[in-house]
1. Here are Asp340, Asp349: which of them is without any contact (Cβ under 8 Å) to a residue 40 or more places away in the chain and of a type in the set (Asp, Glu)?
2. Return the residues of region 218-243 that are under 29 Å from the mean Cα position of the chain (by Cα), open to solvent by 20 Å² or more (accessible area, probe 1.4 Å) and aliphatic (A, V, I, L, M); say none if nothing qualifies.
3. Does Leu85 satisfy the condition of being surrounded by 21 or more Cβ atoms within 10 Å (Cβ to Cβ) and either at pLDDT below 90 or within 25 Å of Lys246 (Cα to Cα) (or both)?
4. Which of the residues that make up region 512-532 are open to solvent by 40 Å² or more (accessible area, probe 1.4 Å) and of a type in the set (Ser, Thr, Tyr)?
5. Residues in region 475-497 that are assigned to a helix (DSSP H, G or I) and either touching a residue at least 40 places away in the same chain (Cβ under 8 Å) or open to solvent by 60 Å² or more (accessible area, probe 1.4 Å) (or both): how many?
6. Which residues, counting only those in region 280-292, are over 29 Å from the mean Cα position of the chain (by Cα) and either open to solvent by less than 30 Å² (accessible area, probe 1.4 Å) or of a type in the set (Lys, Arg) (or both)?
7. Could you grab the pairs with beta carbons closer than 7 Å, sequence gap of 6+ or different chains, first residue in region 274-295 and over 23 Å from Gly27 (Cα atoms), second one hydrophobic (A, V, I, L, M, F, W, C) and open to solvent by 50 Å² or more (accessible area, probe 1.4 Å)?
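The values are calculated or read from the model by the stated rules, or taken from the named source; none is laboratory data. Please read these numbers as outputs of a predicted model, since none were measured by experiment. Backbone-built Cβ (ideal geometry, glycine too); neighbour counts: all protein chains shown. Keep in mind that these areas ignore ligands, DNA and RNA; they rest on the heavy atoms of the full protein, side chains included. Shrake-Rupley method; radii C 1.70, N 1.55, O 1.52, S 1.80 Å.
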Amino acid sequence: MENPTCSKEIILNCEKLERRFALLNNGKLEEYQIERDSTEPKVGDIYLGRIVNLDPSLQAAFVDIGAQKNAFLHYHDMLPGYDDLIEKFQEEHQAETVGGEKIQSRRSKRKTPAAGSKADAAAALRKNKKLSVADIPEIFKPGMEILVQVVKAPISTKGARITTDISIPGRYLVLMPYSENIGLSTRIESGTERDRLRKILESLELPEGMGLICRTVGEGRRSTFFKRDLNLLLDYWRKIEADMDKRNAPVLLFTEPNLIERTIRDFMTEEIGGIVVDDAEANKKIIETLRRIGGAKMAKKVHFYNGSKPVYDHYRINDQLKEVFQREVKLPGGGAIVIDETEAMIAIDVNSGRGRKGADQPEFILKTNLEAAEEIARQLRLRDVGGLVVLDFIDMRGARDRDEVFRAMKKFVKDDRAKTKVLPISKLGLMEMTRQRERESILDQVYSPCPYCSGTGLVKSPVTMSAEIQRRLESVLKNVRYKGVSVRVFMHPDVLARLRNEDAQLLTDLENKYKHDLSFRADPLLHYEEFRLVDPETGAELR
């Protein structure tokens, strides 16, 4: 399946519990994703939700979308789509008379800001201004049904983040039902091609008030590809609108495709030399889809893997995945980067490592920092981490070297699918950057916090445990209830080794002072920080 002109290939591993995606570039792992069956909201899902309450101090609404945690909707994210609703209020908020009583259709009721807020909406119209953040508490009320889309999946204890700025991505286009903008991917750089694509988009029959964005994969495509894609997206939107009328909030109206379908939609471009899948059904579906959207030539890039070894072992992906979960990652020149994920930020330290002999040479420092910048960009994609990232490069004395590392970092993150922003190295020698965070990192998906160390990665040292045991012993031995009682202490073997060697004399002194017989036993089933004091005759625990 090797293609000499395309160095990238996609490897899909499909199992019952999870699906895995790997993007290789000349055999080197560049991107990695995991998908598991879950009812949790995913990025791109569209819900009909219900506002639970508005919090003016946070300038946000909390919306029930049927998930465990209410979703977070910032006031700014409530504005898209609702300017038009306010302007159309009078014509869409038509009342019908039934038996002498005025009622609203379900559709009209949902498209107005809130039931019973006609006076507020009319006032906004009289002001002849667009809806602003200041108007939101007057217009949007608890109990209102509202159409929203997930922009950030639930992470840790936080619920999903949502927006009313709905967008539905297709293969070549992104449909924006509440925006009239026509846009192009910034990665399409040719001015001639941008002009050609813009003319095609403007010629498409698009309902009034809607907008489109041309995706990077649309570069070089004929107008028929866009027409077919637009028709599919409009069908999705019509179904969403129809379901809004039929169903009650909270309800899921549209869900993002699964990992296999997203791979076809988002990654299968001309630069991909091949796609390997180890599931016969998925292989058939991918081929059929690619024949339909890319032709026979694209479909020929798909290969079914049926080897004796697991597909990720065959392509040495599992070996490369080990570094995704390591704190330290080695660099080709002997240096290393150390990555720490915290609640507040991602901290990355660059070390010169075994090449420290040349640590004072500006050329060596620059070379190591440039290697680190490239590997950091790769690791951020592989681990799928986001938020604030602080990089501590090896100190560089020259401003020219610092600028070169900054330019290199901007270049290395340019093709990252997540939005990134990189700042120059500060006077303190730190580089700050942000990376869009849409979901839990790979580390959080694969691991749970350790029940013993509560996720710190640390346990008490043997000397600390020895000191705690001696304090407990002294407390028990002083107690008149246990006068003359022998005491046996059970503990982890490593802690016992400390007691029998460095601290043996201290325990002898305790025996002599309180006239008690003390004995110690190792119990490998005990946690490092656990110990028990018992009466060896009765087995009763001494407290």
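1. Asp340
2. Leu232, the sole residue that qualifies.
3. No: the conditions fail for Leu85.
4. Tyr514, Tyr528
5. 7
6. Listed by number, the residues that qualify are Lys284, Arg291, Arg292.
7. These pairs meet every condition: Ala280/Phe304.
Yes/no per residue for (1) under 30 Å from His314 (Cα atoms); (2) touching a strand residue (DSSP E or B) at 6+ places or on another chain (Cβ under 9 Å); (3) surrounded by fewer than 19 Cβ atoms within 10 Å (Cβ to Cβ); (4) at pLDDT 90 or above:
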{"position": "Leu12", "(1), (2), (3), (4)": "yes, yes, no, yes"}
{"position": "Ala22", "(1), (2), (3), (4)": "yes, yes, no, yes"}
{"position": "Arg36", "(1), (2), (3), (4)": "yes, yes, yes, no"}
{"position": "Asn53", "(1), (2), (3), (4)": "no, yes, yes, yes"}
{"position": "Val63", "(1), (2), (3), (4)": "no, yes, no, yes"}
{"position": "Ala71", "(1), (2), (3), (4)": "no, yes, no, yes"}
{"position": "Tyr75", "(1), (2), (3), (4)": "no, yes, no, no"}
{"position": "Gly81", "(1), (2), (3), (4)": "no, yes, no, no"}
{"position": "Phe89", "(1), (2), (3), (4)": "no, no, no, no"}
